Amino acid sequence: MIAAQATINPLARIGKGAICNTGCIVEHECVVGDFAHIGPGAVLCGNVSVGEGSFVGANAVVRQG
């Protein structure tokens with residue numbers, strides 16, 4: 001599910017059953033695994049992979065590196 005005001009880069013991949021919550025940003029070539037949850041306002045920067053079933057909290061910033 002991609003919530004209102006979420007921004008997903010066209011090169012990003014979102015897995016089945018994943019949740020990209022309100023206002024989150026998934027940049028560049030990020031991968032969000034199946035059933036992962038990206039919290040409200042969270043930002044994934046660069047080439048980041050969020051594993052299957054993982055949770056990224058509200059307003060978190062996850063960078064490549």
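What follows draws every value from the coordinates through simple rules; no lab data is involved. None of these values were measured; they are calculated from a predicted model. Cβ atoms come from the backbone with ideal geometry, glycine included; neighbour counts cover every protein chain shown.
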Matching residues in the stretch 4-28 (over 16 Å from G39 (Cβ atoms) and either hydrophobic (A, V, I, L, M, F, W, C) or not in a loop (DSSP other than H, G, I, E, B) (or both)) number 3
Cβ-Cβ below 7 Å, separation at least six or inter-chain, first residue in the stretch 53-65 and over 13 Å from T22 (Cα atoms), second exposed (fewer than 13 other Cβ atoms within 10 Å of the Cβ) and of a type in the set (G, A, S): which pairs?
R63/G46; Q64/G46
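For (1) in contact with a helix residue (DSSP H, G or I) (Cβ under 9 Å, 6 or more places away or on another chain); (2) among the hydrophobic types (A, V, I, L, M, F, W, C); (3) farther than 18 Å from G65 by Cα, each residue gets a yes or a no:
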| site | (1), (2), (3) |
| --- | --- |
| A3 | no, yes, yes |
| I8 | no, yes, yes |
| A12 | no, yes, no |
| V26 | no, yes, no |
| E29 | no, no, no |
| A36 | no, yes, yes |
| C45 | no, yes, no |
| G51 | no, no, no |
